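Here the structure is laid out as structure tokens; the discussion comes afterwards.
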Amino acid sequence: MRVIEVAAFGGPEVLTVTEAPDPAPGPGEVLVEVSVADVLWVETAIRRGAGGDHFPVVPPYRP
């Protein structure tokens, strides 16, 4: 499946499109197909490197 990764902290230029294996649900889980996802302002702040005290994210990661 196609995913967006944050390669490093920074602006929109750090977003990269990459391929990842299709997820497989485990016991007691379900798989939900998503075609579009919303992004909140806080996710753009985390991408810039802000909010590390509250959101300990280390690139590369998938928002």
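The values are calculated or read from the model by the stated rules, or taken from the named source; none is laboratory data. Remember, it's a predicted structure, so these values are computed and weren't measured experimentally. Every residue, glycine among them, receives a Cβ derived from its backbone with ideal geometry; neighbour counts consider all protein chains shown. Note: accessible area is taken over every heavy atom of the protein model, side chains too, but ligands, DNA and RNA are not part of it. Shrake-Rupley method; radii C 1.70, N 1.55, O 1.52, S 1.80 Å.
Among (1) part of a loop (DSSP other than H, G, I, E, B); (2) within 16 Å of residue 2 (Cα to Cα); (3) of a type outside the set (A, V, I, L, M), where does residue 25 come up short?
Status for residue 25: all satisfied but (2).
Could you grab me the full set of residues in region 8-20 that are in a loop (DSSP other than H, G, I, E, B) and surrounded by 10 or more Cβ atoms within 10 Å (Cβ to Cβ)?
8, 9, 10, 20
Please find, within region 34-54, the residue that is nearest to residue 14 (Cα to Cα) out of those that are assigned to a loop (DSSP other than H, G, I, E, B) and open to solvent by 90 Å² or more (accessible area, probe 1.4 Å).
39
Could you say which residue among 17, 6, 58 is of a type in the set (Val, Ile, Thr) and out of contact with any strand residue (DSSP E or B) (no Cβ under 8 Å at 6 or more places or on another chain)?
58
Report, ordered by the first and then the second residue, all pairs with beta carbons closer than 6 Å, sequence separation of six or more or different chains, a first member in region 48-61 that is on the phi < 0 side of the Ramachandran plot, and a second member that is loosely packed, with under 13 Cβ neighbours inside 10 Å.
Matching pairs, first to second residue: 59/8.
When you check residue 23 against the structure, is it more than 15 Å from residue 63 (Cα to Cα) and surrounded by 10 or more Cβ atoms within 10 Å (Cβ to Cβ), yes or no?
Taking the combined requirement at face value, the residue satisfies it.
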